[in-house]
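A.B. asks: There's a structure below that I have some questions on.
The values are calculated or read from the model by the stated rules, or taken from the named source; none is laboratory data. Note that the structure is predicted; figures quoted are calculated from it, not measured. In this analysis, Cβ positions are derived from the backbone assuming ideal geometry, glycine residues included, and neighbour counts consider all displayed protein chains.
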Amino acid sequence: MSEKKGRVFSGARPTGRQHLGNYLGAIQNYVALQDEYECVYCIVDIHALTTMETTVGLRQNTFEMALDWLAAGIRPEDSIIFIQSYVPEVTELHTYLSMVTPLGKLTDLPTFKDKIRQHPNNVNYGLVGYPVLMSADIVLYKAGLVPVGVDQAPHIEFTRETVRSFNYRYQADVLIEPQMKVTQVPKVIGIDGQQKMSKSLDNHIEIAATPEETRKRIMMMVTDPQRIRRTDPGDPDVCNVFSMHKIFSSKEEVDQIDVECRRAGIGCVDCKKMLAKNMNDYFVPFRERRADFEKKPDQVWEILDDGAKRARVIAQATMEEVRAAIGIR
Ligand code: SF4
């Protein structure tokens, strides 16, 4: 680990079985970063509580997400993979950081206003402070880099400002300002062909779905809306099935569909069957690894426990410095 370029932190809420959008937008990147960086990947269950009215299913969702991460190739022998609440130091740091965060800054954040719209009956204190908790997640582990899409940039800037406020208030250079590692996150459109893939919209395809489930979801995909009859020429450039082919099919197949679709040489049903086959082939190794982990749930919980122990060593060292800087211990 010492030869690596630096430490990366990323967290994601426990949303259960992951879909293609999660995989292509984040998990693939998590796996790739391990080769160059010391990676700390966290399932942020405390964050999930800010918008949940019941915790039924929370533990199972955490487990399912860990299964997907591990099966996708996150290597616990190289990276730290753990559950946020297993390292309670994060809540202590959250409290200290909250003392240097103006309330107006939190309530002015566009993301807070979005959350109010989404959860009008559950605007709780934790929801207001969640960017502070997010900052605590990053700085507790002294992560120099956070992989984000460009739309996430304001969150990292918030963390950087919080770190500056803390270091200035206590005249100590204790916390590290993280840098963004901007990744090109593809916008994965759901099977409705319109909106970003999301579980809540039920327009998703789970990466752990069976081949038959995957095929059924693909057959439901909306294609070029102007192509009504089999004999109508289509436009692959406006078709989400074609976008998926570009990810899961060979260049020859993509080129062939590009030509044949435009002259009605291929029907949408055959085009989708081809995609289903290629997508299922792509996920064979992932699904085999996932099935193996699924048979050994104790091993998965041990990996998460072990990750928390390793994360806690870093967290406790940071908190020693933080308390000393504040002057409370
Ligand atoms: Fe889309 Fe394929 Fe149908 Fe063309 S043939 S409209 S690319 S599904």
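A.B. asks: State yes or no: is Ser243 within 14 Å of the ligand (Cβ to nearest atom) and within 28 Å of Leu70 (Cα to Cα)?
C.D. replies: yes
A.B. asks: Starting from residues that are among the hydroxyl-bearing types (Ser, Thr, Tyr) and closer than 18 Å to Val90 by Cβ, keep the ones in segment 22-50 and report whichever is modelled with the highest pLDDT.
C.D. replies: Tyr41
A.B. asks: Restricting segment 206-225 to residues that are in contact with an Asp or Glu (Cβ under 7 Å, 6 or more places away or on another chain) and within 10 Å of the ligand (Cβ to nearest atom), which is nearest to Gly25 (Cα to Cα)? Break it down into steps so the answer makes sense when it comes.
C.D. replies: The initial filter retains those residues of segment 206-225 that are in contact with an Asp or Glu (Cβ under 7 Å, 6 or more places away or on another chain), namely 207-208, 222, 224.
Right, trim to within 10 Å of the ligand (Cβ to nearest atom) and you get 222, 224.
Details: Val222: 21, Asp224: 24 Å.
Ranking the candidates gives Val222 first.
A.B. asks: Only residues that are of a type in the set (S, T, N, Q) and touching a helix residue (DSSP H, G or I) at 6+ places or on another chain (Cβ under 9 Å): list them for segment 244-303, please.
C.D. replies: Ser249, Ser250, Asn278, Asn280, Gln299
A.B. asks: OK, next. Taking interchain pairs and intrachain pairs at least six residues apart, which have beta carbon atoms under 7 angstrom, with the first residue in segment 243-262 and under 12 Å from Met279 (Cα atoms) and modelled with pLDDT of 95 or more and the second surrounded by fewer than 17 Cβ atoms within 10 Å (Cβ to Cβ) and of a type in the set (Ser, Thr, Tyr)?
C.D. replies: Matching pairs, first to second residue: Phe248/Tyr282.
A.B. asks: Tell me the helices (runs of 4 or more DSSP H) entirely within segment 61-152 that contain at least 3 residues that are of a type in the set (Val, Ile, Thr) and assigned by TED's automatic domain parsing to the domain that holds Pro178.
C.D. replies: Hits in segment 61-152: 89-98, 130-140.
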